[in-house]
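Input: a single structure, listed below in structure tokens.
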Amino acid sequence: MSIQEWTWVTVGLTFSMYLYIGYRSRVASTRGFYVAGQGVSAIANGAATAADWMSAASFISMAGLISFMGYDGSVYLLGWTGGYVLLALLLAPYLRKFGQYTVPDFVAARYYSKVARLVAAIAAIFVSFTYVAGQMAGVGVAFSRFLTVPFEVGVIIGMAIVAFFAVLGGMKGITYTQVAQYCVLIFAFTIPAIAIALLLTQNPVPQVAMGEILAKLDGIQQDLGLSAYSSPFSNFSKLNVFCVAFCLMAGTAGLPHVIVRFYTVKSVQAARWSAFWALLFISILYLTAPAVAIFAKYYILNQFSEMGPDIQNVEWVQNWIATGLINFPEGGITDAQSLLDSINRDIIVLATPEIANLPPFIVALVAAGGLAAALSTASGLLLVISSSLAHDIYGKMIKPEATDKERLFVGRLMIFLAVILAGILGIYPLGFVAEVVAFAFGLAAASFFPVIVLGIFWKRANKQGAIAGMSIGLAFTFIMIVLMRAQNVIPGMDAPIIENFFGINAQGIGVIGLILNFVATISVSLLTAPPPEEVREMVEEIRYPGEAPEMAGDVH
């Protein structure tokens with residue numbers, strides 16, 4: 001069978017599995033819809049968290065950015081993995097001890113304010129819509145190449161699949177679908193890496209084989225007039241390496257769709273174990289991604305060094321030209337740099353099996369894995385958007401007396417509407433998939449991370465400080481990203497309004513927003529009345545995340 005036929009079969013089987021799991025996991029209560037009835041086992045939640053975490057950015061785009069950025073691309077590995085460790089150790093057990101549905105729930109109870117809940121809900125919506133745009137763009141990339149449908153149609157198909165199991169099953173349907181999606185995406189990522197390692201070095205361990213290929217790649221790049229692949233700071237300055245890595249770490253620890261996963265397990269102990277399993281499952285892909293990046297770059301530049309401009313006529317190049325994701329300049333390519341500039345970073349993982357001439361069924365498996373990664377994260381994000389609108393704003397502020405049935409209906413309606421808007425954002429993204437996701441991490445770092453950390457570890461933090469900190473951090477970061485990406489978001493603009501902020505680029509600007517948030521929260525808290533005694537007692541209880549009764553409650 002051809003690649004396209006294999007892809008239809010593979011994607012058809014996996015999508016049928018997702019739809020079946022979603023149907024079997026349908027729920028009839030808000031507790032099941034938002035936190036899966038808090039009955040998910042630690043290992044299942046670990047696999048679901050890993051799938052939720054390893055989005056289209058991790059599967060499709062991260063290795064592509066590492067491939068083209070070289071040493072500097074390690075910021076994505078350092079930031080995202082380090083951030084998950086930070087979340088698992090610093091925040092997750094305490095938030096599970098708190099025991100409610102959403103991050104705005106925590107903010108509302110800890111800062112005893114409906115206004116704080118509203119600001120947190122708005123921040124969650126901003127972060128999640130930015131993040132989900134990257135997932136939908138990833139779906140379009142995969143569909144446009146392997147199922148030969150237009151990019152926009154691919155996004156619409158992905159929207160329909162996510163809407164089905166997310167609307168029916170909520171967190172329960174999403175969780176068990178994500179367990180299946182993790183199995184698909186991890187096999188799809190590691191099997192080609194092992195096959196290519198064997199082809200290139202006769203060593204089946206990609207992490208070992210890449211050492212041999214790295215030395216060859218450095219030599220090829222220098223022969224072609226490029227800097228050595230392993231040379232540091234050739235794409236990011238030292239300042240930006242630090243800022244982007246730290247921004248991704250803090251953003252990870254403040255991501256609402258990841259944090260809410262720790263509310264779905266049975267106990268604090270289960271939250272700790274699910275964090276362990278998730279980190280183990282995540283590490284399998286993250287330790288393989290640099291090898292895939294190096295293998296891909298080696299194949300591309302090796303072909304160019306042998307063929308020169310005639311590489312434009314190679315079959316895999318022509319296949320991706322047809323999608324518009326390889327776009328050569330009018331006069332054709334003249335050197336290695338012009339070739340690299342013509343290739344969209346988001347195609348690297350999906351294209352590498354073709355470039356290496358692997359069997360069609362492996363190419364199809366990679367396509368199915370990319371779609372699994374994008375859909376798993378998109379579903380989690382859409383639930384956060386739904387919970388922010390239906391649970392935090394409608395259920396807690398607009399109509400607190402709403403019945404469980406009414407809240408469930410509004411939650412499902414919000415997911416449906418969010419899917420439509422997410423698809424539009426996916427069709428018109430702000431940049432490469434991993435870049436768009438990095439913007440979401442910046443927004444999360446600037447809005448949630450300071451108020452969660454201070455809310456757990458500093459009893460003096462009060463509602464005025466939290467509201468000021470979240471508002472300032474989110475507004476500053478959002479405005480700066482828009483100014484630096486004006487050509488993508490403002491009609492008629494063909495260049496950014498500002499290039500950087502004192503040398504910090506759009507992916508790292510969340511660090512400044514985070515600092516402003518910390519400063520504003522601490523300063524305003526010290527200048528205003530301390531929180532009530534019962535809130536300080538609640539913080540004291542949360543700080544010891546054992547199996548004592550949970551301290552959360554509604555805000556009156």
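The values are calculated or read from the model by the stated rules, or taken from the named source; none is laboratory data. Note that the structure is predicted; figures quoted are calculated from it, not measured. All Cβ positions, glycine included, derive from the backbone under ideal geometry; neighbour counts span all protein chains shown.
If you go through the range 301-313 one residue at a time, do you hit one that is crowded, with 19+ Cβ neighbours inside 10 Å, closer than 30 Å to Trp80 by Cβ and modelled with pLDDT of 90 or more? Within the range 301-313 (the criterion being crowded, with 19+ Cβ neighbours inside 10 Å, closer than 30 Å to Trp80 by Cβ and modelled with pLDDT of 90 or more), the answer is yes, since at least one residue qualifies. Kindly check whether there is at least one residue in the range 47-61 that is outside any helix (DSSP H, G or I), farther than 25 Å from Ile294 by Cβ and at pLDDT 80 or above. Within the range 47-61, not a single residue is outside any helix (DSSP H, G or I), farther than 25 Å from Ile294 by Cβ and at pLDDT 80 or above.
The set of residues from the range 462-500 being farther than 20 Å from Pro104 by Cα and part of a loop (DSSP other than H, G, I, E, B) comprises Arg485, Ile490, Pro491, Gly492, Met493, Asp494, Ala495, Pro496, Ile497, Ile498, Glu499, Asn500. Would you call Val153 farther than 24 Å from Thr264 by Cα and assigned to a helix (DSSP H, G or I)? Against the criterion (farther than 24 Å from Thr264 by Cα and assigned to a helix (DSSP H, G or I)), Val153 qualifies.
Just wondering, is there one or more residues in the range 465-479 that are aliphatic (A, V, I, L, M), modelled with pLDDT under 80 and crowded, with 19+ Cβ neighbours inside 10 Å? No, the range 465-479 has no match at all.
Filtering the range 520-549 to residues that are surrounded by 13 or more Cβ atoms within 10 Å (Cβ to Cβ), at pLDDT 95 or above and part of a helix (DSSP H, G or I) leaves Ala520, Thr521, Ile522, Ser523, Val524, Ser525. Applying the set (1) under 17 Å from Gly211 (Cβ atoms); (2) aliphatic (A, V, I, L, M); (3) crowded, with 20+ Cβ neighbours inside 10 Å to Ile282 leaves exactly one unmet item: (1). When Leu339, Leu371, Leu358, Leu365 are checked against the criterion of being within 14 Å of Gln135 (Cα to Cα) and among the hydrophobic types (A, V, I, L, M, F, W, C), a single residue qualifies: Leu371.
When the range 64-90 is filtered for residues that are at pLDDT below 80 and surrounded by fewer than 20 Cβ atoms within 10 Å (Cβ to Cβ), the ones remaining, listed by number, are Leu89, Leu90. Annotation note: of Ala137, Ala133, Ala109, the sole residue that is assigned to a helix (DSSP H, G or I) and under 15 Å from Leu371 (Cβ atoms) is Ala137.
All told, Phe518 meets the bar of being touching a Leu at 6+ places or on another chain (Cβ under 8 Å) and not polar (S, T, N, Q). Annotation: Gln222 fulfils all but one of (1) within 15 Å of Val292 (Cβ to Cβ); (2) over 30 Å from the mean Cα position of the chain (by Cα); the unmet one is (1).
I want to confirm something. Restricting to the range 288-321 and keeping residues that are assigned to a helix (DSSP H, G or I) and among the β-branched types (Val, Ile, Thr), which single residue is nearest to Gly140 (Cα to Cα)? The qualifying residue nearest to Gly140 (Cα to Cα) is Ile321. For Ala461, the criteria (1) at negative phi; (2) modelled with pLDDT under 95 hold in every case but one, which is (2).
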